[in-house]
Amino acid sequence: MMVLGLQGSPRKNGNTEILLSTFMDTAKQSGAETCVINVYEQKINPCIECSMCEKIGTCSIQDEMNQEIYPLLRRADIVVLASPIFFYNVTAPLKALIDRTQTFWSRKYRLNMEDPRRKNRKGFLLAIGATKGKTLFHGTIATAKYFFDAIGATSLGQLTYPRIEERGEINQHPTAIADAKQNALEAVSPLLKRKKILFACQENACRSQMAAAFTQYYAGDKIEAVCGGSRPGESIHPNMVQVMQEVGIDMGFITPQTIEKALQHVQPDVIVTMGCGEKDCPFIPGVRIIDWGIEDPSKKPIEAMRHVRDDILKRVQDLAETIN
Ligand SMILES: Cc1cc2nc3c(=O)[nH]c(=O)nc-3n(C[C@H](O)[C@H](O)[C@H](O)COP(=O)(O)O)c2cc1C
């Protein structure tokens, strides 16, 4: 369960950083994995409106957005957008990041693919400004709403604080720190309560990826699904990406990972193996292992991949119904 914070202020130990850290520390202490991106430390170029994402679903600009931030946004269960108000909106680097998520918007609304985590991902806004006008947060709240929709997140709400100007002044606010802790707890608690399943195979390029994605999509409210491979491949299988796209599931921005990496932040309740043989299967004392024994479709024609996809979907649906 991963909470991703987008820290939009250039000021170290500023109000935004303090409020976001409070939220993230509470999430971490509750058991979530956390990750913060300080947008002023990243090289995020603005969108150049080349329309490539609308045609093929990827961005033409090669920078940290492509290499790191898209995959993190896809992996996150909760995204916290945190910014000081600069001219009635988020700061410029944060706006550049938001504009670049047009890639996700295009994949959903132009190419008709659903992010597997879309139904369960949450978004939360933290914003701070110096003045007190009635409309101070209107622009930012609207921007956040459409950003959360583009990245496949449902907004849980926001905390907005006017009349906070000097560095660290947020600490003197009567409720802000307690509010951030309380909202963090409320955001992470339902997601932390889910059953945890590790789907494992050798390369983490086809079967375990499909199983995890279907579980996230159809049962992500009650199961946290991770996947890994004993000998992960370099990339996921193009046939797998295609057959998942045929059923509307977006496998973009995913790379195979080791079982150890998958288990770094998750203690599984159940391990589901795909049938790679005992020496490749993970063993964790006390954890139930179910072996699905599914044929490896990676070196077969695409029809075999479709067959395996349908088989896995049925097994995931049965598992989701029976797990408790
Ligand atoms: C370039 C710039 C533009 C700003 N624009 C606004 C604004 O439109 N409305 C406002 O209330 N405060 C504005 N502020 C003030 C900051 O939002 C405020 O000082 C905030 O507490 C800074 O948060 P931080 O410590 O996290 O950076 C602006 C500050 C800067 C430097």
Using 7 Å Cα-to-Cβ label points, what is the Leu192/His307 separation (nm, one decimal)?
4.5 nm
Any DSSP H helix in the chain with Cα axial reach of 15 Å or more and mean Kyte-Doolittle score of at least -0.5? Listed by number, the hits are 15-30, 138-150, 176-192, 207-219
I'd like the carbon and sulfur percentage of the solvent accessible area for region 108-156, probe radius 1.4 Å, heavy atoms only, ligands and nucleic acids excluded.
54 percent
Enter the mean projected area of the convex hull around the alpha-carbon atoms of region 206-313, in nm², rounded to one decimal.
6.8 nm²
Taking loop as defined by DSSP and a crowding limit of 13 other beta carbons within 10 Å, which GluC sites (Glu not before Pro) in region 150-225 fit?
Glu165, Glu166
Amide H proximity to Gly275 below 5 Å, modelled H, separation 5+ or other chain, gives Trp292, Gly293, Ile294
Mind listing which GluC sites (Glu not before Pro) in region 233-324 are in a DSSP loop and have 14 or fewer other Cβ atoms within 10 Å?
Glu234, Glu295
Going by the alpha-carbon gyration tensor, a ≥ b ≥ c the square roots of its eigenvalues, is region 1-40 rounded (a/c under 1.5) or, if a/c is not under 1.5, prolate (a/b greater than b/c) versus oblate?
oblate
Leaving out ligands, DNA and RNA, and with a 1.4 Å probe, what % of the accessible surface on region 1-85 is carbon or sulfur?
49 percent
Which order do Lys134, Lys12, Lys108, Lys55 take by accessible area at a 1.4 Å probe, largest first?
Lys134, Lys55, Lys12, Lys108
If a paramagnetic tag sat 7 Å from the Cα of Ile284 along the Cα-Cβ line, which residues of region 25-58 would have the backbone N under 19 Å from that point?
28-34
Any idea of the accessible area per residue across the chain, 1.4 Å probe, to the nearest Å²?
46 Å²
Evaluate 2.2 N^0.38 Å with N set to the residue count of region 148-199, then give the Cα radius of gyration divided by it.
1.59
For an R0 of 35 angstrom, estimate the FRET efficiency from the Cβ-Cβ distance between Glu64 and Lys145 and round to the nearest 0.05.
0.90
Unit charges at the beta carbon, dipole of the chain: most positive-side option, Asn15, Thr131, Cys281
Thr131
Need one number: nm distance between label points at Asp269 and Val36, each 7 Å from Cα along Cα→Cβ, rounded to one decimal.
3.2 nm
Neighbour cut-off at most 11 other Cβ (10 Å), DSSP loop, trypsin sites (Lys or Arg not before Pro), region 241-324
Lys299
Calculated [θ] (222 nm, deg cm²/dmol) that DSSP helices of n ≥ 4 give over the chain, each run adding -39,500 (n - 2.57)
-11500 deg cm²/dmol
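The values are calculated or read from the model by the stated rules, or taken from the named source; none is laboratory data. All values derive from a computational prediction rather than experimental measurement. Backbone-built Cβ (ideal geometry, glycine too); neighbour counts: all protein chains shown. We work out accessible area using only protein heavy atoms, side chains counted, and drop any ligands, DNA or RNA first. Shrake-Rupley method; radii C 1.70, N 1.55, O 1.52, S 1.80 Å.
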